[in-house]
Amino acid sequence: MERVVIVGAGLAGMRAAQAARKAGFAGRLTLIGAEPHAPYDRPTLSKAFLADAGPLDTPLLTGADRIADDLDAEVLLGAGASGLDTQERVVSVDGRETPYDALLIATGAQARTLPGTAGLAGVHTLRTVDDARAVRAHLDAGARTVVVGAGFIGAEVASAARRRGLDVTILESLPTPLTRSVGATAGAALAALHSRHGAALRCGVMVAGLEGEGRVRGVRLMDGSLVRADLVVVGIGATPDITWLAESGLRLDGGVVCDATLATGAPGVYAAGDVARWAHPQFGVSMRLEHWTNASEQGAHAMRNALDPRAATPFAHVPFFWSDWYEDRIQFVGVPDGEPSVVAGGWDEPAFVALYRTGDRLVGALALNRRGDIMKYRALIARGASWADGLALAASRVRPA
């Protein structure tokens, strides 16, 4: 194998490049990125980056500015891939064809937008560092803020606005936020954090459109009411970046479909990170995750498998993510199967742990302000622990919050 190409210069792509060299690959290594920036850390964009005293520098991943030298890699930034020919084994980028023996697709996802908002100043998504700079500039100016979508990104933006003492309204179409992520009961418990910190949360409302001439002045709802705004941040999810693969012959279904080893079925082609939908060997479901830990671990794993397909192993990652709202830390591991049971604290208390089960098996855990607990539950889930094992761990961790 002489040529390895990685399409996507985010966390998964960088971890893959590092894994290639660590595994002993000595051939030509090419990293392709659509953004002009070297690989940077996305989670901080909706957290510390929006703080009024936080640094404005791009939060590069450690070593990201030295990839070309440290990894002896060809780094092509500022132009995304436009096509893939799996028969000829070439990736098209800005009119140039880059050949490969092994290819990793790590193009991530793109934020969904509201129709009809293009060119309207003051309306932003939050996916890239340029998005974050624009949102922060509005917050610095004291913008009256409306967040469309009460998911984790929207909640973090609302938290940043409230920390500055700004008025913020969160609009959510579902009756209860985060139902798909943590279940209705837990979603309601987490949503209560907004009112405790002075943010207005309106659930079960639909956006009809935005109003303003050249610059947004408000959000019009389906009931005819208008929510005034100087800044609108749209946090309604993301879609995997797969349009450039439309003619590739790869199976595309809400992401690049992979087997348990992250192989796509095309010779030498693997996928990792937000763009990959793979068959999880432990949970028995097809899964696509937009989590930092998944991208980091999956990028390296996919590259090792791509370099030595005969020794490829399944990717059995136990999902883990965290989110900071106001002064609170939310952590989740596993999968949110069914409605959880509180095993420490209570839903209306400032700290709790809730567990999820499938039959007699522990499959998930949600923690609010119990930072020392969550990785212990992740370890249990990774080894297929029973529900009784989860309860035993909870009993051993009983302590003041």
Practice task
Please compute the net charge surrounding Gly54, taking Lys and Arg as +1 and Asp and Glu as -1 over other residues with Cβ under 14 Å from its Cβ.
Solution key: -1
Practice task
Name the residue, out of Arg370, Arg383, Arg21, whose mean-square fluctuation peaks in a Gaussian network model built on the chain with Cα pairs under 10 Å.
Solution key: Arg383
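Using Cα pairs closer than 8 Å and at least 6 residues apart in sequence, work out the relative contact order for the chain, in percent. Write down the numbers at each step before the final one.
Details: 917 pairs, mean separation 60.9, N = 401.
It comes to 15 percent, rounded to a whole number.
First select every other residue whose beta carbon is under 13 angstrom from the beta carbon of Ala111; then total the charges, Lys and Arg +1, Asp and Glu -1. Each step should come with its number before you reach the end.
Working: positive: Arg42, Arg112, Arg127; negative: Asp130, Asp131, Asp241, Asp274, Glu290.
Residues close to Ala111 contribute a combined charge of -2.
Leaving ligands, DNA and RNA out of it, report the carbon-plus-sulfur percent of the accessible area of the range 152-307 at a 1.4 Å probe.
Accessible surface attributable to carbon and sulfur in the range 152-307 totals 50 percent.
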Completion exercise
Per the rule of 0.36 nm per residue minus the C-alpha distance, extending Asp130 to Asp337 adds in nm 70.9 nm
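Normalised by the residues of the range 170-256, what does the relative contact order come to in percent, with Cα pairs under 8 Å and at least six apart?
Numbers: 95 pairs, mean separation 16.3, N = 87.
Averaging sequence separation for qualifying contacts and normalising by length gives 19 percent for the range 170-256.
For Leu226, what is the net charge nearby, where nearby means another residue's Cβ is under 9 Å from its Cβ and Lys, Arg count +1, Asp, Glu -1?
Its environment carries a net charge of +2.
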Exercise for the section: Quick one: which residues, 5+ away or cross-chain, put their amide H under 5 Å from the amide H of Ser82? H built at 1.01 Å from N. Expected result: Ser92, Val93, Asp94
Fill in the blank from the handout: Taking alpha-carbon centroids only, the range 227-275 lies from the range 116-185 a number of Å equal to 23
Practice task
For Cα extents along the principal axes in Å, several values are listed as (1) 76, 40, 39; (2) 64, 50, 32; (3) 59, 58, 36; flag the one computed from this structure.
Solution key: (3)
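Hey, what did the range 11-69 get for relative contact order, percent, Cα under 8 Å, at least 6 apart?
Numbers: 29 pairs, mean separation 21.9, N = 59.
This gives 37 percent for the range 11-69.
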Problem - Residue (of Tyr40, Thr58, Gly13) at the positive-pole extreme of the range 1-76, dipole from beta-carbon charges - result: Gly13
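Counting other Cβ atoms within 10 Å of each Cβ, which chymotrypsin sites (Phe, Trp or Tyr not before Pro) in the range 326-401 have at most 16 and sit in a DSSP loop? All intermediate terms of the calculation are to be shown ahead of the outcome.
Numbers: sites: Tyr326, Phe332, Trp347, Phe352, Tyr356, Tyr377, Trp387; in loops: Tyr326, Trp347.
Sparse-neighbourhood loop chymotrypsin sites (Phe, Trp or Tyr not before Pro): Trp347.
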Fill in the blank from the handout: Taking every DSSP bridge whose two residues both lie in the chain, the antiparallel percent to the nearest 5 is 55
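Measuring with a 1.4 Å probe in the full set of protein chains, what accessible area per residue, in whole Å², belongs to the chain? Present the calculation step by step, with values, prior to reporting the outcome.
Working: 16840 Å² over 401 residues.
Dividing the accessible area of the chain by its residue count gives 42 Å².
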Completion exercise
The distance between the Cα centres of the range 299-319 and the range 72-109, in whole Å, is 20
Fill in the blank from the handout: So Arg397 and Met222, fully extended at 0.36 nm per residue minus their Cα-Cα distance, gain in nm 58.3 nm
Problem - Within the range 39-191, percent of DSSP bridges classed antiparallel, to nearest 5 - result: 70
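Could you work out how much longer the chain between Leu56 and Arg3 gets when fully extended? Use 0.36 nm per residue separation minus the Cα distance between them, nm to one decimal.
Working: separation 53, 0.36 × 53 = 19.08 nm, distance 3.65 nm.
Length gained between Leu56 and Arg3: 15.4 nm.
The values are calculated or read from the model by the stated rules, or taken from the named source; none is laboratory data. Quick caveat, the model's predicted, so the values are computed rather than measured. Glycine also receives a Cβ, built like all others from the backbone with ideal geometry; neighbour counts cover every protein chain displayed. Accessible surface is based on the protein model in full, side chains and every heavy atom, while ligands, DNA and RNA are left aside. Shrake-Rupley method; radii C 1.70, N 1.55, O 1.52, S 1.80 Å.
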